[in-house]
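Reading through the structure tokens given below for one structure.
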Amino acid sequence: MDVTPVLVGVGAEVRRDDELPGLDHLGLMTAAAEHALADAEVKAAAVDVVLVPHGLWATRDPGAVVADRLGAGDARTVLAEVGVSQLSIIRRACQLIADGDARTVLVVGGEARHRQGVARRAGVELPPSTDVERDPDEVMRPDADLMAQAEATRRLNSAPPQYAVIETAMRAAAGRSLPDHAALLGRLWADFAAVAAANPDAWDRSAPSAERIARPGPGNRVVAWPYTKLLCSQWNVDQAAAMVFSAAPTTSVPIHPRGITESNFILTMSMRRDLYRWPAFAVAAERLFALTALTVDDIGPIDLYSCFPAAVQSAAGELGLPLDRPLTVTGGMTFGGGPLNNYVFQAVVAMARRLRVEPGVGLTTAVSGLLTKPSLALWSTEPGPFAWADVSAEAEAATAPLPLDADATGEATVAGYTVLYDGDEPASAAAVLDVAGARTVAVTDDPDTARAMTETEHVGAPVLVTAPGSFTA
């Protein structure tokens, strides 16, 4: 008979100071795990399995180090590589309990990027982190690459420019002017910043204004237009979060994971016919509500994955949620903090705490890649069976692709674009282009063209691909 997993303990750790040597990623994870175990009123020796998402560090088996420090040295360990959805890690923890393979599971992750930056600027060499000479008992790996070669070699080689391309396509599809859309982004992220200001575990609690967020200026450079620094995820943080799942409630207000759905279907950004749509998310949401017999109207607090505004707008649109509704419980990845492959843990910790004082149903979501692999989870103070589903096949069927022709030349139309700056000035632009029934990715290094693309809408504009990977307007 299946056992129903319960979230019985949560904990977080944040260090904003510049003191050295400070805590490394393992120290932060251990501290967060201690908080979660205390919250659950569970002894560390009871932990059967420790799951950790890989981050920006090289520790071979971080779960083993954390388990040993906690006094749970016999626990099995699972390491999830970058590219595995963070909710897939939580789903795996719940599965272990539901299948009878464990009774108490610890899920924990963390980063110490801020500490590393402080040390680098001070010229201080940090002591090496503890490691073990063993591999994890289980490794969760992604199925395929998240980025096409043409994207990687033509200036779309990281998350900010990829999401910026999606953002411009979204703006054009909504019919907003450039100034109106910039104002919308500022307001959306200012709402998130206000939530972070009230969250003691948030990284940045300064609550900048909408104008400050959207307008480039000192301390707020353009990362990939239209995104300023304050519209981008902040991963240079010292943060960790942990959750304890159990086969039986141990706390007065247990939180029940009612359902998790995920899609592992991968279609690189430039090959999606509608750059601004996310059919895979819609499919995953529909299945989640069907599995749990709940609806979007049943949901109270929500935390939408918030690496960039495009991700929030797309998920909200697929769910039919207005952007002026509260959409985060942490403050988002810019202000709440976005440790690599670990933000969703921060969100689940905050969600559990919210539901304890506001009983009901909460929703958290995750993204793996470039608006690629969505996952959603419903949490409830009311008990119920745990269900999950992989909707990859349905997501693939719902997503219209276009072939990518890296060698295409000739007349083309801009499907989405971003402008890259040199200091305070536009210097180049990278665009996803529709050309002869296919897609290509191309760049212009003409600063006048780049500047014009920040001043007037260029989605839908004709361009000429003069050579593979190069265009003129």
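The values are calculated or read from the model by the stated rules, or taken from the named source; none is laboratory data. Everything numeric in this text was worked out from a predicted model, so none of it was measured. When we count neighbours, we look across all protein chains shown, and the Cβ atoms used for this are built from the backbone with ideal geometry, even at glycine.
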So which residues in region 27-50 are surrounded by 24 or more Cβ atoms within 10 Å (Cβ to Cβ) and either part of a loop (DSSP other than H, G, I, E, B) or not assigned by TED's automatic domain parsing to the domain that holds Asp99 (or both)?
Val47
Does Leu433 count as closer than 16 Å to Ile166 by Cα, without any contact (Cβ under 8 Å) to a residue 40 or more places away in the chain and not aromatic (Phe, Trp, Tyr)?
yes
Looking at this structure, is Ala194 over 24 Å from Leu370 (Cβ atoms) and surrounded by 19 or more Cβ atoms within 10 Å (Cβ to Cβ)?
no
Restricting to region 203-222, what's the tally of residues that are closer than 25 Å to Asn342 by Cβ and touching a Phe, Trp or Tyr at 6+ places or on another chain (Cβ under 6 Å)?
2
Out of all the residues in region 266-286, is one or more among the hydroxyl-bearing types (Ser, Thr, Tyr), at pLDDT below 95, touching a helix residue (DSSP H, G or I) at 6+ places or on another chain (Cβ under 6 Å) and within 20 Å of Pro309 (Cα to Cα)?
yes
What tally of residues in region 303-323 results from selecting those that are in a helix (DSSP H, G or I) and closer than 13 Å to Asp191 by Cα?
2
Criterion (modelled with pLDDT of 95 or more and out of contact with any strand residue (DSSP E or B) (no Cβ under 7 Å at 6 or more places or on another chain)) met by exactly one of Glu396, Glu358:
Glu396
Where in region 105-192 are there helices (runs of 4 or more DSSP H), lying wholly inside it, with at least 2 residues that are under 30 Å from Pro468 (Cα atoms)?
149-153, 159-174
Assess whether Asn199 counts as being surrounded by fewer than 21 Cβ atoms within 10 Å (Cβ to Cβ), of a type outside the set (Lys, Arg) and either out of contact with any Ser or Thr (no Cβ under 8 Å at 6 or more places or on another chain) or part of a loop (DSSP other than H, G, I, E, B) (or both).
no
What are the residues in region 259-284 that are part of a helix (DSSP H, G or I), touching an Asp or Glu at 6+ places or on another chain (Cβ under 6 Å) and surrounded by 24 or more Cβ atoms within 10 Å (Cβ to Cβ), if any?
Ser270, Phe281, Val283
Looking at region 158-180 only, could you name the residues that are of a type outside the set (D, E, K, R) and closer than 19 Å to Gly338 by Cβ?
Ser158, Ala159, Pro160, Pro161, Gln162, Tyr163, Ala164, Ile166
